[in-house]
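**Q** My questions will all concern the structure given below.
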Amino acid sequence: MSELLGVENLRKVFPVRASAGEPAGDLVAVDDVSFTLPPGGSLAVVGESGSGKTTVARMVVGLETPTAGRITLDGESREAARAGRGARKARARQIQMVFQDPYTSLDSRQTIEGAIEELLRAHFDWDAARRRERVAELLDQVGLDKRQGGARPRALSGGQRQRAAIARALALEPRLLILDEAVAALDVSVQAQIINLLTDLRAETGVAYLFISHDLGVVRQISDDCVVMHRGRVVEAGRTTAVLDDPQDAYTRRLLSAVPRPGWVPRRRATSGASV
Amino acid sequence: MNSRPNPPGADPLVRVSHLRLDIPVRGEPRRVLHDVSFEVGAGVALGLVGESGSGKSMTTRVLMRLLPHGAATDGDVLFDGTPVTGMDRRALRRYRSSEVAMVYQDPRAAINPVYTVGAFLTEALREQKVSRKEAEERAVALLREVGITDAPRRMRQYPHQLSGGLLQRVMIASAMLTKPRLLIADEPTTALDVTTQEEVMAILDEQRRERGLALVFITHDLDLAAAVTDRIAVMYAGTVLETAASANLHETALHPYTVGLLASRPSTVDVKRLWAIPGRPVSAFEAGPGCVFTERCPFAQDRCRAERPALRTVDDHQVACHRAEELRGRITYEADGHADHQHDEQTESV
């Protein structure tokens, strides 16, 4: 199988300062995580808070430096985190990221068109007409009209802002899009629109997704493969349909059984006095 | 959950009928609730379900009478037969302190970070002249009831030393301290992980049954509401569009909005193209003279745009839709490539 992204034995340790009776020490956020993602594929990293899923995403995009392990893109190592300007720009053309809250990830003083254009100006030697054309094409691709393109983030709804963030992330035609809880903050009816949009965009552009989520329903819709993380480690991995239909690991089963559905009765498991 | 209907003829503990609410925004009254009606009996759980801006939290603010200055209400809000809107200062104080309790979404925003859990839990009882020893014993007993095993140690800890799930249990315990008859839980598990949500919901459910509490449970999650309540009221743009028994809502939903909400939730068991309700949720004040859902409704007709439908009984539901009978059982949102494409075009304005 050809491979776009490879992650091998990834590990991240954060030093923790002493506070309120807790001694200083090391927090192992990610421990021995490995997976691969083919070109145009969609891999979900599933887990609850503290599972390390977001730290994995931040290391892949280069916002965090791994303590150990290897990240490769097209077989080439990506460790050169302190690379020069040229290397960083080349990396940006390969990998882009969409965050949970587009309100904090878009510049409030910039129009949507302005935000996308800036990116094109920084990366390509295009004239204004060509940039305008590409901006219009991107807005159309994510379902925003001309007026919305000229608006500032504040004037848009949550769904529109997330569309804008996706358009900006796609502007450089990256090979890999990292979506960190990208639909988690949206209302259900709008969430459905964005999920459908993401499904279409992958089919149209061939971009690969690394989809970070806690929501098993969303994961089922969006990913081909998934990795279930618990306390920094991978507890189960495989085709998404197989993992969700026939989970092998106890934690995956526990996660699935906690999803509300018709006929579901919430149950107390263990007394959780010990878990802080 | 078992439904425990009121004895025949008895008044429900809470009755809200045709509630309307205006709140001043820059000096101008702005409509926040158009028409909200529901009932909750003792021991019964009602789910108020809706997307952001639908008015579910504002409805509970009216129930608690926690409204900004200059707010104007119309319609009835009765607690045990007494209008909440007409209570004098003393009655209101008694009502808020001992009849009704509230659990919020973010426990960290609702608890004072500089006091210990123990100080927080015993404060209300100490005010009522309960001795320190007895107040502490009662607090510890309650913490044990909500599944906190090492309660005495927790009493000495500060909020930042507890996880979100544990802290939400502390909030539930604190809500139970004064033995209320009505519990309002506003998205109590939305900030929690699913496995923690399950634990907290189980505890909330247990407390409600054991104490015969009336519960108003606010959530955006229709599946969660359906699983843990007896009845569901679906809200949109400050209006209750449908109320029905939770157990069979998934099969019997009548309002196009309810059916659409059910169809847009991604399932963990199969993959299909989601039916996305076109457009974005509107606020109450943006609604025209007709049905508040008209703009996004694929079934809207001229009448829907001109005349606002009232909540009326169809089958065993209450539904505010002119076309409820006509559309019954015929609203299907099965994915069909072509129709979906049309929906997508409509959704461009989202």
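Throughout, read-outs are computed from the coordinates displayed, never taken from laboratory work. This is a predicted model, so every value here is computed, not measured. Note that each Cβ is placed from the backbone with ideal geometry, even for glycine, and that neighbours are counted across all protein chains shown.
**Q** Rounded to the nearest 10 degrees, what's the angle between the helix B:132-145 long axis and the longest principal axis of chain B, both from Cα atoms, 0 to 90?
**A** Result, in degrees: 40.
**Q** A further question follows. Using the crude model of +1 on Lys and Arg Cβ and -1 on Asp and Glu Cβ, and no other charge, please compute the dipole size for chain A relative to its Cα centre, in debye to 20. Don't skip to the end; give the middle numbers.
**A** On the way: 38 positive and 35 negative charges, 137 e Å.
The dipole magnitude comes to about 660 debye.
**Q** Just tell me which aspartates and glutamates come within less than 12 Å, Cα to Cα, of A:K12; anything on the same chain fewer than 8 places away is out.
**A** Within the straight-line cut-off, A:K12 pairs with A:D26, A:D31, A:D32, A:E64.
**Q** Each label point is 7 Å from the Cα along the Cα-to-Cβ direction; what then is the distance between the points at A:D245 and A:D101, in nm?
**A** Each label point lies 7 Å from its Cα, and together they span 3.9 nm.
**Q** Please sort by residue number the trypsin sites (Lys or Arg not before Pro) in the stretch B:276-322 whose DSSP state is loop and whose Cβ has at most 11 other Cβ atoms within 10 Å.
**A** Details: sites: B:R296, B:R303, B:R305, B:R312; in loops: none.
Sites meeting the loop and neighbour criteria: none at all.
**Q** Under 8 Å for C-alpha pairs, at least 6 residues apart: give me the relative contact order for chain B, rounded to a whole percent.
**A** 20 percent.
**Q** Still on this structure: Considering only Cα-Cα distances, which of the following residue pairs are longer than 31 Å: A:K53/A:K89; A:K89/A:K146; A:K146/B:K56; A:K53/B:K56; B:K56/B:K129?
**A** A:K146/B:K56; A:K53/B:K56; B:K56/B:K129
**Q** Under 25 Å between alpha carbons, and skipping anything fewer than 8 positions from B:K133 in its own chain: which lysines qualify?
**A** B:K179
**Q** Kindly point out which whole DSSP H helices in chain A project their C-alpha atoms 15 angstrom or further along the helix axis while averaging a Kyte-Doolittle hydropathy of 0.0 or above.
**A** Numbers: long enough: A:112-123 (17 Å, 0.13); A:128-142 (21 Å, -0.71); A:158-170 (18 Å, -0.45); A:188-205 (25 Å, 0.46).
Membrane-span-like by this criterion, though nothing is claimed about a membrane: A:112-123, A:188-205.
**Q** Which FRET efficiency, nearest 0.05, do B:N248 and A:S257 yield, Cβ-Cβ r, R0 30 Å?
**A** Numbers: r = 22 Å, r/R0 = 0.75.
Efficiency at R0 = 30 Å is approximately 0.85.
**Q** Compute the longest continuous run of chain A that contains no exposed chymotrypsin sites (Phe, Trp or Tyr not before Pro); treat a site as exposed when its DSSP state is not H, G, I, E or B and it has at most 14 other Cβ atoms within 10 Å.
**A** A:127-276
**Q** At 222 nm, what helix-only mean residue ellipticity would chain B give, in deg cm²/dmol to the nearest 500, using -39500 (n - 2.57) for each DSSP H run of four or more?
**A** -9500 deg cm²/dmol
**Q** Which trypsin sites (Lys or Arg not before Pro) from the stretch B:112-185 combine a DSSP loop assignment with at most 10 other Cβ atoms within 10 Å? Walk me through the intermediate numbers first.
**A** Numbers: sites: B:R126, B:K129, B:R132, B:K133, B:R138, B:R144, B:R153, B:R154, B:R156, B:R169, B:R181; in loops: B:K129, B:R156, B:R181.
Those satisfying the criteria are B:K129.
**Q** Can you tell me the relative contact order of chain A? Whole percent, Cα pairs under 8 Å, sequence separation 6 or more.
**A** 24 percent
**Q** Then there's this: In the stretch A:1-75, which trypsin sites (Lys or Arg not before Pro) are in a loop and have at most 15 other Cβ atoms within 10 Å, using DSSP for the loop call?
**A** Passing both the DSSP loop test and the Cβ count: A:R17.
**Q** Show me B:215-223, A:115-123 ranked by packing, highest mean number of other Cβ atoms within 10 Å first. List each step's numbers first, then the result.
**A** On the way: B:215-223: 23.1, A:115-123: 16.9.
The most tightly packed comes first, giving B:215-223, A:115-123.
**Q** Given the protein assembly as shown, what percent of its DSSP beta bridges are antiparallel, to the nearest 5?
**A** So the antiparallel bridges amount to about 60 percent of the total.
**Q** As I understand it, the value is the acute angle between the Cα axis of helix B:194-211 and the longest principal axis of the Cα atoms of chain B; what does it come to in degrees, rounded to 10?
**A** Helix B:194-211 sits roughly 70 degrees off the main axis of chain B.
**Q** Another question, then. Pull out the extension gain between B:R153 and B:D11, defined as 0.36 nm times the separation in residues minus the alpha carbon to alpha carbon distance; nm, one decimal.
**A** Net length gain for the segment: 46.8 nm.
**Q** Also, quick follow-up: How well do other chains shield peptide B:189-196, expressed as the mean number of their Cβ atoms within 10 Å of each residue Cβ?
**A** That works out to 5 on average.
**Q** Arranged by the count of other C-beta atoms within 10 angstrom, fewest first, what order do B:T195, A:T104, B:T258 take?
**A** On the way: B:T195 17, A:T104 9, B:T258 27.
So the ranking, lowest neighbour count to highest, is A:T104, B:T195, B:T258.
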